[in-house]
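Data block below; observations after.
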Amino acid sequence: MFWKQRREAKAALAQAANKKSKQSAEALATRQLQLQSYERLILLADRIALPNLISRVNQSGLSAREMQALLTQTIRQEFEYNVTQQIYVTPEAWDAVRNLKDQNLLIINQVTSFLPADASGQDLNRHLLEMLLQNPQASLHTIVADVLSFEARKLMS
């Protein structure tokens with residue numbers, strides 16, 4: 001009787017240890033997914049930052065309207081490609097990314113609306129960069145990247 005109880009107790013302890021180990025492995029896997037999501041969203045913020053975006057998609061010979069379409073389409077595609085990352089990050093972090101996207105689209109559309117109909121894509125790019133230089137707070141990408149980095153560091157501590 002004693003040996004049977006002892007075997008059952010050992011089996012119960014082993015089962016509890018396995019369960020705890022499994023939970024720990026699952027928590028580690030979840031944390032890795034979360035950190036990867038923060039990493040991807042920081043990359044997204046960098047890719048849709050207007051100065052970086054302009055230098056990456058800059059094409060000569062486009063009108064301002066064509067450049068506007070190219071810039072806004074690229075931002076939307078980048079955002080849509082990463083939309084599933086919101087599952088793994090805090091609502092505040094996701095809101096920051098979404099606000100960056102929305103603000104950049106708004107800036108592009110507003111600057112384009114003030115240009116003459118015959119303006120070139122280079123004119124649009126120049127005006128966008130000048131506007132960002134004159135109004136540094138309009139460039140949210142560094143703030144968003146800082147928010148995402150802070151959230152990721154909280155996960156690692």
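For segment 80-115, filtered to residues that are in a loop (DSSP other than H, G, I, E, B) and aliphatic (A, V, I, L, M), the residue that is farthest from H141 (Cα to Cα) is L115. Among the residues making up segment 68-106, those that are aliphatic (A, V, I, L, M) and either in contact with a Gly (Cβ under 9 Å, 6 or more places away or on another chain) or under 28 Å from D118 (Cβ atoms) (or both) are A69, L70, L71, I75, L105, L106.
Going by what's in this entry, would K154 be described as out of contact with any Leu (no Cβ under 7 Å at 6 or more places or on another chain), within 30 Å of L28 (Cβ to Cβ), part of a helix (DSSP H, G or I) and among the basic types (K, R)? So K154 passes the test. Consider segment 130-154 and keep the residues that are loosely packed, with under 15 Cβ neighbours inside 10 Å and of a type in the set (A, V, I, L, M, F, W, C). The one that is farthest from the chain's Cα centre (by Cα) is L133.
Residues are listed down the side, and each one gets a yes or a no for (1) closer than 30 Å to S157 by Cα; (2) of a type in the set (K, R):
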site: S24; (1), (2): yes, no
site: R31; (1), (2): yes, yes
site: L43; (1), (2): yes, no
site: L70; (1), (2): no, no
site: N82; (1), (2): yes, no
site: Q86; (1), (2): yes, no
site: I107; (1), (2): no, no
site: A119; (1), (2): no, no
site: Q122; (1), (2): no, no
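Tell me the residue from R65, R76 that is surrounded by 11 or more Cβ atoms within 10 Å (Cβ to Cβ), touching a Lys or Arg at 6+ places or on another chain (Cβ under 9 Å), modelled with pLDDT of 95 or more and of a type outside the set (A, V, I, L, M, F, W, C), please. The unique qualifying residue is R76. The single condition among (1) part of a loop (DSSP other than H, G, I, E, B); (2) crowded, with 16+ Cβ neighbours inside 10 Å; (3) out of contact with any Phe, Trp or Tyr (no Cβ under 8 Å at 6 or more places or on another chain) that D118 does not meet is (2). Within segment 117-148, the set of residues being of a type in the set (D, E) and within 16 Å of I54 (Cα to Cα) comprises D123, E130.
Every residue in segment 75-117 that is over 14 Å from the mean Cα position of the chain (by Cα) and β-branched (V, I, T), please. Passing the criteria: I107, I108, V111, T112.
Among the residues in segment 99-108, are any in contact (Cβ under 8 Å) with a residue 60 or more places away in the chain and within 24 Å of S63 (Cβ to Cβ)? Within segment 99-108, none of the residues are in contact (Cβ under 8 Å) with a residue 60 or more places away in the chain and within 24 Å of S63 (Cβ to Cβ).
The values are calculated or read from the model by the stated rules, or taken from the named source; none is laboratory data. All values reported here derive from a predicted model rather than from experimental measurement. FYI the Cβ positions are ideal-geometry reconstructions off the backbone, even for glycines, and counts take in every protein chain you see.
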